[in-house]
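Laboratory data are not the source of any read-out in this text; all were calculated from the coordinates shown. Predicted model only: the values in this text are computed from it and were never measured. All Cβ positions, even for glycine, are placed from backbone atoms using ideal geometry, and neighbour counts span all protein chains on display.
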Amino acid sequence: MKLNKKLALAVASAVLSISSSAFAAVDFMNDDAPFKTDFNVSGHNGDLQFYGIIDIGYGTTNSSYQPNNYQPNNFYSFQQYKTSLGTVPGRQNDWFSGGLQASRIGFKGGVDLFNVGETKIKLIAQLETGFNPLNGELLNAAKALQQNSGSANITRSVSADSSINGQFFNRQAYTGIDAGQAGKLTFGLQYNPFYTITTDYDPLHHADTFSPLGESGTVGGGGGVSENSRMANSFKYANSLDVAGGKLTGSAMYQHGNASGRWDNHGRGYALQAGYENKDWMGFGVQASYNNFTDSIAAATSTTANDISASLYNTDAWLVAFQLKPLDDVKLNAGYEFYERKYASDATLDYGDLWGIPVSGITNSLSSGQYREYQFMWGGLSYDFGKRVPMLKDLEFDLAYYASLTESTRAADGTVASAGAAGRVGTWSALLDYKLNKRFDVYGAYTNNSFSGPTYSTVTNAGAHGSQDMLGMGVRMKF
């Protein structure tokens, strides 16, 4: 039985297991959570919610390989394409999934366990998977890389590494304890704080196809390696306090073993986050986070057919982001990220296979003692038309500029190495989104990515375009 059929059966079984009477009065178009129900088990109150997003659109880009429906971003304009094994990048027109958000379904809920004084102790859990509604398959970036591996003269399609690689619950899968004012302690597959901060502080709301923060897990969640956007085998503690009329938040995460499924020190990592937001201070908000990982996996295509390859890195990363709402209809966002890739602690480690796909070997781009530094920054605004013109209620315009700077690879003494030249990607993105109701919205978006510097030169990347754009429109349903 195919995996997507198993997924459909699991979803159907879970929905049918919830009493039909619980949804008898559901107003699907207007309820905040139409598929949420309360229950009681042996005197313990609880709740369970089935939720999801389906986002489909149609777009055109001036330079790309063929779209790939396994790839979380089946159009990927943040990556420069070049002539490869007879495949020449060119204009592509096609349907896409996840213009604003990757399509997903999930379950979340909890049940009260007991009280400690006035504090209610609750068991909580969340399971979520991403899929492509165009073909019903689970998103699987590793599969897209595998399809593009080999030295034969094959037709290339879009591929890039990701933290979503065909796992049954590939977006989130965790359980834990909510102790109210004492905080939450959870364990499992969970978002890196970089991911949640960039989602909340990106002017384009982490749009999967039109924002670099949404397209690239490397800058939009992983602090230098896409796999670390979601921390597997991780413990997380999070809490918030009321301070001066606002919210002071903090969290700490530790990952013991990475997303390959290994439960050892390979892939060890930790992340720290702190922030403060106050709506009464013109919507002021600031968030900061730090990441540190060893032996992080960055998957890539292989010269061997039906395999993938991988590089391993140690990484350090910092992120700070701001928001302000100086006017009732205008919100400003900005952020800065710095990360460093270093030679791995165990660069010769051979995993054999990753996510069920054979690995032909570790092909590190750095040598012993080498490191490479990167900077990423953004700024932009969101404008709510309805605040000034009631007839345009629920129409929003977002505009942002993003700059990604890659430094040259350096040796341990700081001198420039012979490989790994510098480069820059400058991105303009715009989004017009109209919310029809609580369930549906329609959107149109545009992004332009300009590549410059030696690492992106057309001499280095034969046939590559110096600028790539993407124009698209779509519809999103949330339930």
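Here are the numbers:
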quantity	calculated
Relative packing of 419-431, 348-360, which averages over residues the other C-beta atoms within 10 Å, highest first	419-431, 348-360
Relative contact order (%) - the chain, alpha-carbon pairs under 8 angstrom, separation at least six	14
Sequence of 404, 418 once ranked by neighbouring C-beta atoms within 10 Å, starting from the fewest	418, 404
FRET efficiency for residue 44 and residue 151, using Cβ-Cβ distance with R0 set to 41 Å, rounded to 0.05	0.10
Prolate/oblate/rounded label for the chain (Cα gyration tensor, a/c 1.5)	rounded
Ranking of 94, 280, 55, 441 by count of other Cβ atoms within 10 Å, fewest first	280, 94, 441, 55
Rounded to the nearest 20 debye, dipole of the chain from Cβ charges on Lys, Arg, Asp, Glu	560
Fully extended contour minus Cα-Cα distance, from residue 270 to residue 442, at 0.36 nm per residue	58.1 nm
Acute angle (nearest 10 degrees) that the helix 3-17 long axis makes with the longest principal axis of the chain, alpha-carbon atoms	10
Part-to-part distance (alpha-carbon centres) for the stretch 37-110 and the stretch 188-264, which is given in Å	18
Cut-off 20 Å (backbone N to label point 7 Å along Cα→Cβ of residue 303), residues of the stretch 450-469	460-462
